[in-house]
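Below is one structure, written out as structure tokens; comments come after it.
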Amino acid sequence: MPNAPKTGCLTLVATPIGNLGDIPLRAIEILKEADCIACEDTRVTGKLLSKLGLKTKPELLSYRNENEQSLAEPLAARIADGQAIVLVADAGTPAISDPGFRLVRACRKNGLKVTAVPGPCAAVTALALSGLPSDGFLFVGFLPPKRAARVRFFDAQQDFEYTIILYESCHRISKCLDDLVETLGADRAISVSRELTKLHETIHSGPAGKVREQVAQASQKGEFVISIAKKNYSL
Ligand code: SAM
């Protein structure tokens, strides 16, 4: 189980999306040995470190959408000085709909070592559990919050050849499914994953019209991933 270099390196560490037991084994050692952990919310990562039993905690630096750009070069400079910097998100894989790529880009630009401890990612987990074709897919993160932009996006995907995966918040899941059914039709095969790896994990797969009803009748609390199959695919 070779570890990442301890010095002069950025390591992207994936963390659980709901179940603490999903922390990669190698992550624990890397987190313990870091000079600094760049994380979204220092309280969330602080709690994770406590749950993992890490008593002496490395420096936690808040690295969010708002300061991602301005902190990328200073963090790269610390790595160039020989420090071991770890990047984590609040949950899942850093840099996937979360801050990270600007820091990776700064490291690449400066010829610095970048590596990863791979692990949980909501998009990949939802796709794998969906029953939709997974040989090729487009991940689009969050759709725009405005209805018109969402409808335009769906409309442009009428004939897309691969499965599409998107993230949606509990506040917009119903509206998003309404727009999807209206644009792509009630027969389009989709899958909606809620609360993956958590106690109330629920996955509804089938024609969009039916899945929309199932989601409307169930609890809409929590986190959601929507996967959309190509046209004329049926489950
Ligand atoms: N970087 C994360 C990853 O690798 O999955 C994604 C971060 S993004 C800011 C958060 C979104 O991911 C949520 O709004 C939801 O759409 C999705 N998500 C995260 N955890 C989830 C879970 N346990 N079940 C379903 N969706 C989840």
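Taking the mean number of other Cβ atoms within 10 Å as a proxy for protection, how do you rank 34-41, 124-131, 135-142 from highest to lowest?
On the way: 34-41: 21.6, 124-131: 19.2, 135-142: 12.8.
For the peptides 34-41, 124-131, 135-142, the packing ranking is 34-41, 124-131, 135-142.
Considering only DSSP states other than H, G, I, E and B, which trypsin sites (Lys or Arg not before Pro) in region 134-173 qualify as loop sites with at most 12 other Cβ atoms within 10 Å?
Details: sites: LYS146, ARG147, ARG150, ARG152, ARG172; in loops: LYS146, ARG172.
Counting only loop positions with at most 12 other Cβ atoms within 10 Å, the trypsin sites (Lys or Arg not before Pro) in region 134-173 are LYS146.
What number, in percent, do you get for the relative contact order of the chain if the mean sequence gap of Cα pairs under 8 Å and at least 6 apart is divided by its residue count? List each step's numbers first, then the result.
Details: 472 pairs, mean separation 49.2, N = 235.
Normalised by residue count, the contact order of the chain is 21 percent.
Estimate the FRET efficiency between ASP155 and LYS221 by the formula 1/(1 + (r/R0)^6), using the beta-carbon distance for r and 22 Å for R0, to the nearest 0.05. Provide the component values of the computation, followed by the final result.
Values: r = 30 Å, r/R0 = 1.35.
Between ASP155 and LYS221 the formula returns 0.15.
Which pairs, out of LYS47/LYS113; LYS57/LYS198; LYS146/LYS198; LYS47/LYS109; LYS32/LYS113; LYS47/LYS198, put more than 23 Å between their alpha-carbon atoms? Write out the running numbers ahead of the final one.
Values: LYS47/LYS113 28 Å; LYS57/LYS198 27 Å; LYS146/LYS198 29 Å; LYS47/LYS109 33 Å; LYS32/LYS113 19 Å; LYS47/LYS198 18 Å.
Distance filter (> 23 Å) returns LYS47/LYS113; LYS57/LYS198; LYS146/LYS198; LYS47/LYS109.
Which helices pass in the chain if a helix is a full DSSP H run, must span at least 15 angstrom along its long axis by Cα, and must have mean Kyte-Doolittle hydropathy not below 0.0?
Numbers: long enough: 68-80 (18 Å, 0.15); 173-184 (16 Å, 0.56).
What comes out of the filter, once short or polar helices are dropped, is 68-80, 173-184.
List the trypsin sites (Lys or Arg not before Pro) within region 38-77 that DSSP assigns to loop and that have no more than 12 neighbouring Cβ atoms inside 10 Å. It would help to have the intermediate numbers written out before the result.
Details: sites: ARG43, LYS47, LYS51, LYS55, ARG64; in loops: LYS55, ARG64.
Listed in order of number, the matching sites are LYS55.
Rank by packing, highest mean first: peptides 204-212, 155-163, with packing defined as the count of other Cβ atoms within 10 Å averaged across residues. Each step should come with its number before you reach the end.
Working: 204-212: 19.0, 155-163: 13.6.
So the order, starting with the most tightly packed, is 204-212, 155-163.
Nearest-5 percent of antiparallel DSSP beta bridges in region 9-117? Mind showing how you got there, number by number?
Numbers: 1 of 17 bridges.
Among the beta bridges of region 9-117, antiparallel pairing accounts for roughly 5 percent.
What residues have an amide H closer than 5 Å to that of VAL117, excluding those fewer than 5 places away on the same chain, when H is modeled at 1.01 Å from N in the peptide plane?
Here the answer is LEU12, VAL13, ALA14, since their amide H atoms fall under 5 Å of that of VAL117.
I need the shape label for region 122-228. Rule: rounded when a/c is under 1.5, else prolate if a/b > b/c, else oblate, with a, b, c from the alpha carbon gyration tensor. Spell out each step's value before the answer.
On the way: a/c = 1.43, a/b = 1.16, b/c = 1.23.
Cα axes put region 122-228 in the rounded bin.
Can you show me the helix-derived [θ] at 222 nm for the chain, built from DSSP H runs with n ≥ 4 at -39,500 (n - 2.57) apiece and divided by the number of residues, rounded to the nearest 500.
On the way: 8 runs with 82 residues, N = 235.
Value at 222 nm, helices only, nearest 500: -10500 deg cm²/dmol.
Bear in mind that the values in this text are calculations on the coordinates, not laboratory data. Predicted model, so just to flag it, every value in this text is computed and none were measured. Positions of Cβ are backbone-derived with ideal geometry, glycine not excepted, and every protein chain shown enters the neighbour counts.
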